[in-house]
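The values are calculated or read from the model by the stated rules, or taken from the named source; none is laboratory data. Model, not experiment: these values are computed from the prediction. When we count neighbours, we look across all protein chains shown, and the Cβ atoms used for this are built from the backbone with ideal geometry, even at glycine. The protein model used for the area step is the full one, side chains on, heavy atoms only, and it has no ligands, DNA or RNA in it. Shrake-Rupley method; radii C 1.70, N 1.55, O 1.52, S 1.80 Å.
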Amino acid sequence: MAAAEATDPQLMLGVGLIEKDTNGEVLWVWCYPSTTATLRNLLLRKCCLTDENRLLHPFVYGQYRRTWFYITTVEVPDASVLKKVTHFSIVLTAKDFNPEKYAAFTRILCRMYLKHGSPVKMMESYIAVLTKGICQSEENGSFLSKDFDARKAYLAGSIKDIVSQFGMETVILHTALMLKKRIVVYHPKIEAVQEFTRTLPALVWHRQDWTILHSYVHLDADELEALQMCPGYVAGFVDLEVSNRSDLYDVFVNLADSEITIAPLAKEAMTMGKLHKEIGQLIVQSAEDPEKSDSQVIQDISLKTKEIFTNLAPFSEVSDDGEKRVLNYEALKQRRFPPATENFLYHLAAAEQMLKI
């Protein structure tokens, strides 16, 4: 699945150009093919050129209603052919999560625009990648779509860094992800938010589902509405105001202060017990082993996760319609697990849609 995804250039949806002129005005200048007004406004908001604080973020990415966006922003040098432009952003939209792939491609497009000052060359390269998966140019660098495997993108973050920051509390994040809860992450720096949030889905590697990741969200009505339509998610914010929006999260991570908070309404489902302690110890032990790479730590956690599903198997049965396996709650209760373990397995079955309706 992942390998096929990486070789399919048809994953790209569009390319756009945003410019900031010498008068300080930010304009959506060009795109191919067309885009909607909603998406255009969202991308103008995401590109750092509209920011009041004037901090330049060379590369940001995120997701909005299943469309991924990748934005590279550069300052225009004095010697450039772009005389009336001080900065510009190249925006790519796509169906897949692969920051490294699209960062590499947008950098090439930036170099082209700096050199030629016209979107024509960019469009030619975009179409070449879209149709052949490759664009070659001696002075601006070459890009080959299949060099960027989706699995590599999934493994690019560091689980070890998360564990070194949060230690045993990492199990709260693991539990929330297992139960498909809503995790909100705050840090004033977007780079820190993106690095941390992109790694979290790897804690539930068996799902290999990065569609839960919304690494750059603003507190705007349309974005929050789109987010709240998702059953569980990992959402990143740079506005501390989000900490007051308890309707948006079950677990709140203040990355700047290294604090994890469980929302009152999620406490019952997230009750920790002996099983969680075991999982937490395994995560910490594995992550602190200097011999182990991040991908080996992910593998260790994944094996433990499989063990949990194996524990659940004896209490599941084929549903009446024969379609799927459902939880036999009576059988689970008779097993007399510690209350926190029984509670967790019940909520896990709910997250996996194994409850009888």
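Structural remarks
- Some residue of region 74-85 being in a strand (DSSP E or B), of a type in the set (Asp, Glu), buried (at least 17 other Cβ atoms within 10 Å of the Cβ) and more than 20 Å from the chain's Cα centre (by Cα): no
- Residues in region 251-267 that are assigned to a loop (DSSP other than H, G, I, E, B) and among the acidic types (Asp, Glu): Asp257 only.
- Between Thr170, Thr199, the distinction of being over 16 Å from the mean Cα position of the chain (by Cα), within 22 Å of Gly280 (Cα to Cα) and open to solvent by less than 10 Å² (accessible area, probe 1.4 Å) belongs to Thr170 only.
- Single unsatisfied condition, Leu348 versus (1) in contact with a Leu (Cβ under 7 Å, 6 or more places away or on another chain); (2) in a loop (DSSP other than H, G, I, E, B): (2)
- Pairs linking a residue in region 226-244 that is under 15 Å from Ala192 (Cβ atoms) to a residue that is charged (D, E, K, R) and open to solvent by 10 Å² or more (accessible area, probe 1.4 Å), with Cβ atoms under 6 Å and 6 or more positions apart or on different chains, do not occur.
- Subset tally (residues that are under 21 Å from Phe196 (Cα atoms) and either basic (Lys, Arg) or assigned to a helix (DSSP H, G or I) (or both)) for region 38-64: 2
- Yes/no for Asp300 being surrounded by fewer than 19 Cβ atoms within 10 Å (Cβ to Cβ), of a type outside the set (Ser, Thr, Tyr) and part of a helix (DSSP H, G or I): yes
- Meets criteria (more than 19 Å from Gln194 (Cα to Cα), touching a residue at least 60 places away in the same chain (Cβ under 8 Å) and of a type in the set (Ser, Thr, Tyr)) for Thr35: no
- Scan of region 134-150 for residues that are closer than 11 Å to Phe105 by Cβ, in contact (Cβ under 8 Å) with a residue 40 or more places away in the chain and open to solvent by less than 40 Å² (accessible area, probe 1.4 Å), ordered by number: Ser145
- Residue identified as more than 30 Å from Leu275 (Cα to Cα), open to solvent by less than 10 Å² (accessible area, probe 1.4 Å), among the aliphatic types (A, V, I, L, M) and more than 15 Å from the chain's Cα centre (by Cα) among Val129, Val120: Val129
- Of residues in region 330-339 being surrounded by fewer than 16 Cβ atoms within 10 Å (Cβ to Cβ) and part of a helix (DSSP H, G or I), the one nearest to the chain's Cα centre (by Cα): Pro339
- Evaluation of Leu200 against the conditions (1) assigned to a helix (DSSP H, G or I); (2) over 27 Å from Glu352 (Cβ atoms) shows that the sole unmet condition is (2).
- With respect to the conditions (1) among the charged types (D, E, K, R); (2) open to solvent by 60 Å² or more (accessible area, probe 1.4 Å); (3) out of contact with any Ser or Thr (no Cβ under 9 Å at 6 or more places or on another chain), Asp289 falls short on a single one, namely (2).
- Against the list (1) assigned to a helix (DSSP H, G or I); (2) acidic (Asp, Glu); (3) open to solvent by 60 Å² or more (accessible area, probe 1.4 Å); (4) touching a strand residue (DSSP E or B) at 6+ places or on another chain (Cβ under 9 Å), the condition Glu225 fails is (4).
- Tally, over region 268-290, of residues that are of a type in the set (S, T, N, Q) and either within 25 Å of the chain's Cα centre (by Cα) or in a loop (DSSP other than H, G, I, E, B) (or both): 2
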